[in-house]
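The values are calculated or read from the model by the stated rules, or taken from the named source; none is laboratory data. This one's a predicted model, so the numbers in the text were calculated from it and none came from an experiment. FYI the Cβ positions are ideal-geometry reconstructions off the backbone, even for glycines, and counts take in every protein chain you see. What goes into the accessible areas is simple: the full protein's heavy atoms, side chains included, and nothing from ligands, DNA or RNA. Shrake-Rupley method; radii C 1.70, N 1.55, O 1.52, S 1.80 Å.
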Amino acid sequence: MAVKYNDLCIDIRRQLITAGDGNPTMTARELVCAASGKSKEQLLADYNIYAPTDVANKAMELCARRVSGEPLGYILGQWEFMGMTLTVGPGVLIPRDDTEIAASLAIKAADDMADNDPKVLDLCCGSGCIGLAVAKKVPAARVVMADISDEALAICHKNATDLGLSNRAIHVKADVMQPPPAYLGKFDIIVSNPPYITSADMQTLDRSVKDFEPNIALHGGEDGLDFYRAILKNWLPALKTGGKLIFEMGIDQAEPILDMLRAEGIGVIGIGRDSGGIDRAVIAETM
C-alpha cells in the first residue's frame, strides 16, 4: 500500500514511542532520511509525496532494528561530534555529549601551546573523536590516536581520512596496560576517555549499550578505575614535564581519580562539568 512520507514518519514514530525511544520524532525522520537518501530539508519538502515501495520497506526495516534496541548511530553508520560527521560501528562507542567536555579541555590546552606545535596523544581513541577534534580545531597540533582494537583503529583511520586530517592525525595500535612503544616519544598532552563502567553498573546498562556497544570500551574493572591506574603507571613517562593530562570520568569518580593524580605528584588545574554540574573531566599538569 502506497504511503506518503509524512505518514511513513508518523507510523515509525508510533512504533518508536511504544519501544521507548527517547526522541521518536527525530529518530523517525533520521530513519526515513537514511532509507530514502534525502536530507532533512528534502524530506520536509516531500512530506506529501508518496514514498517508493522499496524506500518504505527499507525505512520499516531500519525501524525494526531501532525497536530491537540497536543504537541509532550504528543504524545510520555515522554520528555528529563537535561539528564533525564521524563513521561509527559496533567496534567503537558512539560519541557522547559528555566527551565534548574532555575534548574541549584538550583543544584549549593544545591551542595554548600552538606556537610550539603541540604533540597530542589520544589514548583509548575509539572512533578518534577527541584526537580528531583537537586536530581540526588546532591546525598546529600533531595527534597520535592509540587503541588496542583493530576494528576501532580502522574506523579511526577512515574518519581521519574523510576529514582530511590524516596528515596530522595518525593511529597506532597500543595497549594502555603495557608501557608505550619507545618510538612514540614524549607528548605535550595526553587525553583519554578510557573504559570506566564498574562491574556492577555493567549489569544495569541500557540494552542499547550493553547488547550493542563494545564491552572492551566500556568495562573499567570492579571499581571502574583499572585503566586510570594503568595509564598513570605505564604512560605517565610519555608525558613531558609541564605536560597536560586530561581524563574523562564517570559519575562519582572524580574524588578517587583526583587522589590518584595527587599521589603521582601531578597538579590538578581544572575540572570540566556537564550541564547538571557533574564532574566529567579533569585536566592536570606534570611537575
Hey, can you tell me all the residues within segment 20-54 that are under 25 Å from the mean Cα position of the chain (by Cα), surrounded by 13 or more Cβ atoms within 10 Å (Cβ to Cβ) and in a helix (DSSP H, G or I)?
-> Pro24, Thr25, Met26, Thr27, Ala28, Arg29, Glu30, Leu31, Val32, Cys33, Ala34, Ala35
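For the structure I just gave you, tell me whether Asp175 is at pLDDT 95 or above and among the acidic types (Asp, Glu). Spell out the reasoning first.
Values: at pLDDT 95 or above: yes; among the acidic types (Asp, Glu): yes.
Against the criterion (at pLDDT 95 or above and among the acidic types (Asp, Glu)), Asp175 qualifies.
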Do we have Ile155 as out of contact with any helix residue (DSSP H, G or I) (no Cβ under 7 Å at 6 or more places or on another chain), more than 19 Å from Leu232 (Cα to Cα), open to solvent by less than 60 Å² (accessible area, probe 1.4 Å) and in contact (Cβ under 8 Å) with a residue 40 or more places away in the chain here?
-> yes
From Glu222, Glu213, grab the single residue that is over 25 Å from Ile266 (Cα atoms), of a type in the set (Asp, Glu), part of a loop (DSSP other than H, G, I, E, B) and in contact (Cβ under 8 Å) with a residue 24 or more places away in the chain.
-> Glu213
Quick check: is even one residue across segment 230-240 more than 27 Å from Ala135 (Cβ to Cβ), open to solvent by less than 20 Å² (accessible area, probe 1.4 Å), of a type in the set (A, V, I, L, M, F, W, C) and outside any loop (DSSP other than H, G, I, E, B)?
-> no
Can you tell which of Pro95, Pro90, Pro71 is more than 22 Å from Phe247 (Cβ to Cβ) and crowded, with 17+ Cβ neighbours inside 10 Å?
-> Pro71
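How many residues does segment 52-79 contain that are at positive phi and in contact with a Gly (Cβ under 6 Å, 6 or more places away or on another chain)? If you could, list the steps in order and put the result at the bottom.
Step one: list which residues in segment 52-79 are at positive phi, which gives 69, 77.
Add one more test, that the residue is in contact with a Gly (Cβ under 6 Å, 6 or more places away or on another chain), and what stays is none.
The qualifying residues number 0.
Considering only segment 80-131, state which residues are on the phi < 0 side of the Ramachandran plot, in a loop (DSSP other than H, G, I, E, B) and in contact with a strand residue (DSSP E or B) (Cβ under 8 Å, 6 or more places away or on another chain).
In the first step, residues of segment 80-131 are kept if they are on the phi < 0 side of the Ramachandran plot; the result is 80-81, 84-116, 118-123, 125, 127, 129-131.
So of that shortlist, the ones also in a loop (DSSP other than H, G, I, E, B) come out as 88-98, 113, 118, 125, 127.
Residues satisfying the conditions are Val88, Ile94, Pro95, Asp98, Met113, Pro118, Cys125, Ser127.
Just checking, how many residues over segment 247-264 are open to solvent by 40 Å² or more (accessible area, probe 1.4 Å) and assigned to a loop (DSSP other than H, G, I, E, B)? I'd like the intermediate steps shown before the answer.
First, the residues of segment 247-264 that are open to solvent by 40 Å² or more (accessible area, probe 1.4 Å): 251-252, 255-256, 259, 262-264.
So of that shortlist, the ones also assigned to a loop (DSSP other than H, G, I, E, B) come out as 251-252, 264.
Number satisfying all stated conditions: 3.
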Residue check for Leu205: in a helix (DSSP H, G or I) and either surrounded by 13 or more Cβ atoms within 10 Å (Cβ to Cβ) or at pLDDT 95 or above (or both) | no
Residue, surrounded by the fewest Cβ atoms within 10 Å (Cβ to Cβ), within segment 6-19, restricted to residues that are more than 28 Å from the chain's Cα centre (by Cα) and of a type in the set (A, V, I, L, M) | Ile10
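In this structure, does Asp115 turn out to be within 30 Å of Pro237 (Cβ to Cβ) and exposed (fewer than 14 other Cβ atoms within 10 Å of the Cβ)? Walk me through how you get there before you give the answer.
Numbers: within 30 Å of Pro237 (Cβ to Cβ): yes; exposed (fewer than 14 other Cβ atoms within 10 Å of the Cβ): yes.
Against the criterion (within 30 Å of Pro237 (Cβ to Cβ) and exposed (fewer than 14 other Cβ atoms within 10 Å of the Cβ)), Asp115 qualifies.
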